[in-house]
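**Q** One structure, as structure tokens, below. Some questions next.
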Amino acid sequence: MDIRFLGHSCFELSDGAGTNVLIDPFLTGNPKAAVTADELHPTTILLSHGHADHFGDTISIATRTGAEVIATTELARELSEDGVQARDTNLGGTDEFEWGSVKLVPALHDSRTPKGHSNIPAGLVIDFEGTVVYHLGDTALFSDLSLVGRRRAVDVAIIPIGGHYTMDRHDAVDAADFIGAKTIIPCHYNTFPAIETDDGAFQTDIEQTLDATCVVLEPGAVHQA
Ligand code: NI
Ligand code: MN
């Protein structure tokens, strides 16, 4: 499978055979966006939470493509009101697809829907055709991150490192240790001044501290997992 970084927290998982799972499609207004929203053809869109730098172009992409959206309950209901096909899963729940599954797990953060309703942030544990990718969404470091990999080992963890709104690159090393994935991909940094950080130092810390590889992707780059 291909994991393509599209900037900030936006990733696309693809099998090269027509299945494209798009995560947190913030492209319009994203200074690091690798593509425009109308270049994408997802079959499913996954949202960690309703903040604008994650929700992004969800409505326009879903409306154009007919992609189904997975989001926590209040956000999914709001999308349904806007005519988007959405599943109202909540934390702890798992959605099944032809290509695998998505489980929503806790993230320690805050959020609102675009229309101002309460929204619980989530992490996304994605089984994509047998490879488990855990996109942490926006979260601080908390000890329950260590529970996520207990039921099923995580292959690739996508972790925010920018600080200010989420854990910083130092806490992200502890998060990676809790999760236990062999491959770590950083995200949610260097998009705006408030979240500037040193990805090379994070990579060094991961690889000197843990039995894991840190893959730093430039926007537009692909990691094969
Ligand atoms: Ni957020
Ligand atoms: Mn964010």
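Taken together, the values in this text are just the output of simple stated rules run on the coordinates, not laboratory data. Worth saying up front: this structure is predicted, and the values here are computed from it rather than measured. So basically every Cβ, Gly included, is an ideal-geometry build from the backbone, and we count neighbours across all protein chains shown.
**Q** Where the centroid of each part is defined by its Cα atoms, how far is region 154-225 from region 90-133 in Å?
**A** So the two Cα centres are separated by 19 Å.
**Q** How big is Rg to Rh over the chain, alpha-carbon atoms, Rh as the Kirkwood inverse-mean-distance radius?
**A** 0.93
**Q** Next question, about the same structure. Could you work out the relative contact order of region 52-154, using alpha carbon pairs under 8 angstrom and six or more residues apart, expressed as a whole percent?
**A** 18 percent
**Q** Choose one answer from A212, A76, A194: the residue with the largest mean-square fluctuation in a GNM of the chain with alpha-carbon springs under 10 Å.
**A** Fluctuation is largest for A194.
**Q** Along the charge dipole of region 2-218, which of A176, L104, P160 sits closest to the positive end, that is, farthest toward it, with unit charges on the beta carbon of Lys, Arg, Asp and Glu (+1, +1, -1, -1)?
**A** Positive-end residue among those listed: L104.
**Q** Here's a follow-up. Given the options E74, E12, E96, state which has the largest fluctuation in a GNM of the chain using a 10 Å cut-off (strictly under) for Cα springs.
**A** Among E74, E12, E96, the largest mean-square fluctuation in the Gaussian network model of the chain belongs to E96.
**Q** For the pair Q208/Q224, report the inter-label distance in nm, with labels modelled 7 Å from Cα in the Cβ direction.
**A** It is 3.1 nm.
**Q** Another question about this same structure. Restricting to bridges with both residues inside region 1-156, how much of the DSSP beta-bridge set is antiparallel, in percent to the nearest 5?
**A** Here the antiparallel bridges make up roughly 75 percent for region 1-156.
**Q** If you place +1 on the Cβ of every Lys and Arg and -1 on the Cβ of every Asp and Glu, how big does the dipole about the Cα centre of the chain come out, in debye to the nearest 20?
**A** Charge dipole of the chain: 300 debye, to the nearest 20.
**Q** Can you spot the lysines whose alpha carbon is less than 26 Å from K115's alpha carbon? Ignore those fewer than 8 places along the same chain.
**A** K32, K103
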